[in-house]
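Inspection log for the structure reproduced underneath, given as structure tokens.
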Amino acid sequence: MAKHQFTYKEIDGQSIDADVYYDGEGTSASRPVALYFHGGNFVSGSKELLGKLHIQKLLEFGFVVVSANYRLCPTISLAEGPVSDALDAYQWVRERLPTVLKEQTGVSLDVKKIVVFGHSCGATLALLTAGQSEPPLAILDIFGMKYLQDPAFHTASENRGPPIDDAFVNQIFQQVPAPSTAAPPMAATGPDLKNPRIAWMFSAVKKGALIESIVADGNYETVDPAFLFSKGKFPPTYFIHGTADTLVPHKLSQKAHDELVAAGHESHLVLVEGAPHGLDARMQEGDDTYRTIVKGLEFLKAHI
């Protein structure tokens, strides 16, 4: 496995990067691309969150894999940061990556064969690429967020961690310009609530205020892929969601699947009984979760 980092966007004095993984000993034929967006509630995480097992399987299927950073909320809105950057990353893969990758590695891409996938909020961004003039050939949504106006994202909960001091978490608003990389939402021992960014995120989720704080103008149509499900064409889509997910209810993937099917689009839904949010975070090669994820990746392969 070879890896190369590229800057796909420069804005406000920042470089926003993507990692490109490829088989350095593969065929000279042009290869399809799988573009990935990480999770983290649009607030935390980075391109490094894409698991090695996911990458290895996609390389085995002949893909070049791209994992992209994007600017993180809340010191930039969802529309201006994650959504804008994700769509720019998609266009960069189509328009610029083939040239720079060929120049620097000798690897050729077939940009007519692009698929997109993501975890959690990264799946939101993946689904939004369906609205592009040249959408991807297929999308894989792994416990993704959609229907962002659903009460699940706007209802306070007393069961999501200890109380957190507002003055401490508000230190996040000193992080200007908005960073494009941050600590993962969960460390090995749980969330690092000593990190103001992670503490703010968990506090906002607990209060049911995270989504409304990053969509302050109330314009959900530009940031919620649910508005695309019944409009025109939509790429073939595959949903994987655990039935014990308390952060993003699996009913939202069921609803999306039902809406896509009713609109005449190809959609597949796999509900994993008893699985939580982040169901594949600790999967091992060959276990049940691994096999579930591989089926989703096989779906992407089948559509190139």
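What pairs come up if the first residue lies in region 1-15 and is in contact (Cβ under 8 Å) with a residue 60 or more places away in the chain, the second is charged (D, E, K, R) and surrounded by fewer than 15 Cβ atoms within 10 Å (Cβ to Cβ), and their beta carbons are under 8 Å apart, counting only those six or more places apart or on different chains?
Within 8 Å, the pairs are TYR8/ARG96.
I'd like the full set of residues that are among the aliphatic types (A, V, I, L, M), at pLDDT 95 or above and over 30 Å from HIS303 (Cα atoms), limited to region 202-240.
Once the filter is applied, which keeps residues that are among the aliphatic types (A, V, I, L, M), at pLDDT 95 or above and over 30 Å from HIS303 (Cα atoms), region 202-240 yields ALA209, LEU210, ILE211, ILE214, VAL215.
Condition first: in contact with a His (Cβ under 8 Å, 6 or more places away or on another chain) and within 20 Å of ASP150 (Cα to Cα). Now tell me which residues in region 255-277 satisfy that.
Scanning region 255-277 gives HIS257, LEU269, LEU271.
Might you check whether a residue that is more than 29 Å from GLY232 (Cα to Cα), in contact with a Pro (Cβ under 9 Å, 6 or more places away or on another chain) and not polar (S, T, N, Q) occurs anywhere in region 154-161?
Yes, region 154-161 contains at least one residue that is more than 29 Å from GLY232 (Cα to Cα), in contact with a Pro (Cβ under 9 Å, 6 or more places away or on another chain) and not polar (S, T, N, Q).
From the list LYS47, LYS52, which one is surrounded by fewer than 17 Cβ atoms within 10 Å (Cβ to Cβ) and under 19 Å from GLY118 (Cβ atoms)?
Step by step, each of LYS47, LYS52 is checked, and only LYS52 is surrounded by fewer than 17 Cβ atoms within 10 Å (Cβ to Cβ) and under 19 Å from GLY118 (Cβ atoms).
For region 92-115, does any single residue satisfy the condition of being in contact with a Ser or Thr (Cβ under 7 Å, 6 or more places away or on another chain) and either closer than 30 Å to GLN174 by Cα or hydroxyl-bearing (Ser, Thr, Tyr) (or both)?
yes
Taking the residues in region 245-265 that are within 18 Å of the chain's Cα centre (by Cα), of a type outside the set (Val, Ile, Thr) and part of a loop (DSSP other than H, G, I, E, B) as candidates, determine which candidate is nearest to GLY131 (Cα to Cα).
Ranking the qualifying residues of region 245-265, first place goes to PRO249.
Hey, any hits in region 52-64 for a residue that's in a strand (DSSP E or B), within 19 Å of LYS102 (Cβ to Cβ) and either at pLDDT 95 or above or within 18 Å of the chain's Cα centre (by Cα) (or both)?
Yes, the conditions are met somewhere in region 52-64.
Taking region 266-304 on its own, how many of its residues are in a helix (DSSP H, G or I), buried (at least 16 other Cβ atoms within 10 Å of the Cβ) and in contact with a Phe, Trp or Tyr (Cβ under 9 Å, 6 or more places away or on another chain)?
Residues that pass the stated criteria total 5.
Name the helices (runs of 4 or more DSSP H) wholly inside region 152-244 in which the number of residues that are surrounded by fewer than 17 Cβ atoms within 10 Å (Cβ to Cβ) is 2 or more.
Qualifying helices (runs of 4 or more DSSP H): 166-169, 210-214.
So which residues in region 66-83 are part of a helix (DSSP H, G or I) and touching a strand residue (DSSP E or B) at 6+ places or on another chain (Cβ under 9 Å)?
Matches in region 66-83: PRO82 only.
Quick grid of which residues meet (1) in contact with a strand residue (DSSP E or B) (Cβ under 8 Å, 6 or more places away or on another chain); (2) in a strand (DSSP E or B); (3) not charged (D, E, K, R):
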site	(1), (2), (3)
HIS4	yes, yes, yes
THR7	yes, yes, yes
ILE16	yes, yes, yes
ASP19	yes, yes, no
GLU25	no, no, no
SER28	no, no, yes
LEU35	yes, yes, yes
ASN41	no, no, yes
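Here is a check on your reading of the model: is VAL248 modelled with pLDDT of 95 or more and closer than 26 Å to GLY296 by Cβ?
The answer is yes for VAL248.
Considering only region 107-133, state which residues are among the small types (Gly, Ala, Ser) and either touching a residue at least 40 places away in the same chain (Cβ under 8 Å) or buried (at least 24 other Cβ atoms within 10 Å of the Cβ) (or both).
SER108, GLY118, SER120, GLY122, ALA123, ALA126, ALA130, GLY131
I need a count of the residues in region 90-130 that are in contact with a helix residue (DSSP H, G or I) (Cβ under 6 Å, 6 or more places away or on another chain), under 30 Å from VAL205 (Cα atoms) and not β-branched (Val, Ile, Thr).
Of the residues in that region, 7 qualify.
Please indicate, with yes or no, whether at least one residue in region 93-104 is in contact with a strand residue (DSSP E or B) (Cβ under 9 Å, 6 or more places away or on another chain), crowded, with 24+ Cβ neighbours inside 10 Å and assigned to a loop (DSSP other than H, G, I, E, B).
Checking region 93-104: not a single residue is in contact with a strand residue (DSSP E or B) (Cβ under 9 Å, 6 or more places away or on another chain), crowded, with 24+ Cβ neighbours inside 10 Å and assigned to a loop (DSSP other than H, G, I, E, B).
The values are calculated or read from the model by the stated rules, or taken from the named source; none is laboratory data. As the structure is a prediction and not an experimental result, all values here were calculated from the model. We place every Cβ from the backbone using ideal geometry, glycine too, and count neighbours over all the protein chains shown.
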